[in-house]
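The values are calculated or read from the model by the stated rules, or taken from the named source; none is laboratory data. Since we're looking at a predicted model, the values are computed, not measured. Neighbour counts are summed over all protein chains in view; Cβ atoms, including those assigned to glycine, are modelled from backbone coordinates with ideal geometry.
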Amino acid sequence: MIELFYAPTPNGWKISIALEEIELEYCVTADMAIWPWVHLHDMHRQNLDEFPQVRRWYEHIGRRGAVQRGVSVLNDMFTSQSIDEEGRKVLFGQQRR
């Protein structure tokens, strides 16, 4: 997979269009940063039907093999492990010193 870094300029858009036309898988760094948050839309009580372009983008990114493998790893982690007390302190109990 190609990781694409570009500015939203006419030439930047041309690169992404060309990659789609030749059917090469690519990702934009922003896609990988934002997709996990959109993936939790149900938990945040957001209805993607109200945002059809976001839904289209979310489903498009979600069909990628690497994304599906990552979601599978996360699901396995949540179902097979619980957070012990030390982990809970690290994740939720830290206070500024």
Go through segment 43-65 and give me each residue that's surrounded by 11 or more Cβ atoms within 10 Å (Cβ to Cβ) and aliphatic (A, V, I, L, M).
LEU48, VAL54, ILE61
Restricted to segment 26-42 and to residues being over 13 Å from TRP57 (Cβ atoms) and at pLDDT below 70, the residue surrounded by the most Cβ atoms within 10 Å (Cβ to Cβ) is TYR26
